[in-house]
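**Q** My structure is below; once you've seen it, I'll send some questions.
The values are calculated or read from the model by the stated rules, or taken from the named source; none is laboratory data. Bear in mind the structure is a predicted one, so any value in this text is a computation, not a measurement. Please note: Cβ atoms are built from the backbone with ideal geometry, for glycine as well, and neighbour counts cover all protein chains shown. Areas reflect the complete protein model, heavy atoms only, side chains present, ligands, DNA and RNA absent. Shrake-Rupley method; radii C 1.70, N 1.55, O 1.52, S 1.80 Å.
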Amino acid sequence: QVQLVESGGGLVESGGSLRLSCAASGSIFSINAMAWYRQAPGKQRELVAALTTAGSTSYADSVKGRFTISRDNAQNTLYLQMNSLKPEDTAVYYCNLEVAVKQGVRPMMYFYWGQGTQVTVSS
């Protein structure tokens, strides 16, 4: 019903920047909450940044001041601008969207995950 495609990951030196994208397509009525998570090897998945429908943002303490979450409503795309990257930012990054799906008489809410994109920061 809904597909998420992530892009923008890669290998970057410490202090560098990357911009992740998460494009949603399919039977979308609306997109509500949006977020980025990451999972480093041997660690649990953690919330990195979140964005509400009203435009409120929140960030993990470890990325505040360096990462910026944003969205393009017309393109159903979520972004994560990552600056001043550090080796400890190395992880697989996942987008997570709360989507109202066109389904029958009324839309139904579902959460979807992207496929993940690898970010590696070298020291």
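**Q** What residue, of S84, S62, S58, is surrounded by fewer than 16 Cβ atoms within 10 Å (Cβ to Cβ), at pLDDT 95 or above and assigned to a strand (DSSP E or B)? Walk me through it before giving the result.
**A** Details: S84 fails: assigned to a strand (DSSP E or B); S62 fails: assigned to a strand (DSSP E or B).
After ruling out the rest, the residue left standing is S58.
**Q** Another one. I'd like to know if segment 29-38 contains one or more residues that are of a type in the set (A, V, I, L, M, F, W, C), open to solvent by less than 20 Å² (accessible area, probe 1.4 Å), modelled with pLDDT under 95 and out of contact with any helix residue (DSSP H, G or I) (no Cβ under 8 Å at 6 or more places or on another chain). Steps first, please.
**A** Looking only at segment 29-38, we keep the residues that are of a type in the set (A, V, I, L, M, F, W, C), and these are 29, 31, 33-36.
The next check asks that each one be open to solvent by less than 20 Å² (accessible area, probe 1.4 Å); those that pass are 31, 34-36.
From the residues that got through so far, the ones that are modelled with pLDDT under 95 too are 31.
With out of contact with any helix residue (DSSP H, G or I) (no Cβ under 8 Å at 6 or more places or on another chain) added as a condition, the list becomes 31.
Yes, some residue in segment 29-38 is of a type in the set (A, V, I, L, M, F, W, C), open to solvent by less than 20 Å² (accessible area, probe 1.4 Å), modelled with pLDDT under 95 and out of contact with any helix residue (DSSP H, G or I) (no Cβ under 8 Å at 6 or more places or on another chain).
**Q** Ok, one more. Going through segment 39-51 one residue at a time, which ones are within 13 Å of the chain's Cα centre (by Cα) and open to solvent by 60 Å² or more (accessible area, probe 1.4 Å)? Please lay out each step first, then the result.
**A** Quick first cut of segment 39-51, residues within 13 Å of the chain's Cα centre (by Cα) only: 39, 45-51.
Across segment 39-51, the qualifying residues are Q39, R45, E46, L47.
**Q** Now for a separate question. Any idea which of Q118, Q75 is part of a loop (DSSP other than H, G, I, E, B), open to solvent by 70 Å² or more (accessible area, probe 1.4 Å) and not aromatic (F, W, Y)?
**A** Working: Q118 fails: part of a loop (DSSP other than H, G, I, E, B).
Selected residue: Q75, the only one of Q118, Q75 that is part of a loop (DSSP other than H, G, I, E, B), open to solvent by 70 Å² or more (accessible area, probe 1.4 Å) and not aromatic (F, W, Y).
**Q** Identify, from the list Y79, Y112, the residue that is modelled with pLDDT of 95 or more and over 13 Å from G8 (Cα atoms). Outline the logic, then answer.
**A** Numbers: Y79 fails: over 13 Å from G8 (Cα atoms).
Answer to the selection: Y112.
**Q** Does any residue of segment 3-14 turn out to be more than 12 Å from the chain's Cα centre (by Cα), open to solvent by less than 70 Å² (accessible area, probe 1.4 Å), polar (S, T, N, Q) and under 22 Å from A100 (Cα atoms)?
**A** So the first thing to find is which residues in segment 3-14 are more than 12 Å from the chain's Cα centre (by Cα), and the list is 3, 10-14.
If we keep only those that are open to solvent by less than 70 Å² (accessible area, probe 1.4 Å) as well, we get 10, 12, 14.
Remaining after also requiring polar (S, T, N, Q): 14.
Filter once more, so that each one left must be under 22 Å from A100 (Cα atoms): none.
Within segment 3-14, none of the residues are more than 12 Å from the chain's Cα centre (by Cα), open to solvent by less than 70 Å² (accessible area, probe 1.4 Å), polar (S, T, N, Q) and under 22 Å from A100 (Cα atoms).
**Q** Name the residues in segment 103-114 that are touching a residue at least 40 places away in the same chain (Cβ under 8 Å), surrounded by fewer than 15 Cβ atoms within 10 Å (Cβ to Cβ) and farther than 14 Å from L78 by Cβ, would you?
**A** Across segment 103-114, the qualifying residues are Q103, M109, Y110.
**Q** Follow-up question, since we're still on this one. Tell me which of these S123 doesn't satisfy, since it passes every other one: (1) under 15 Å from G9 (Cα atoms); (2) of a type outside the set (F, W, Y); (3) touching a Pro at 6+ places or on another chain (Cβ under 8 Å); (4) open to solvent by 60 Å² or more (accessible area, probe 1.4 Å).
**A** It is condition (1) that S123 fails.
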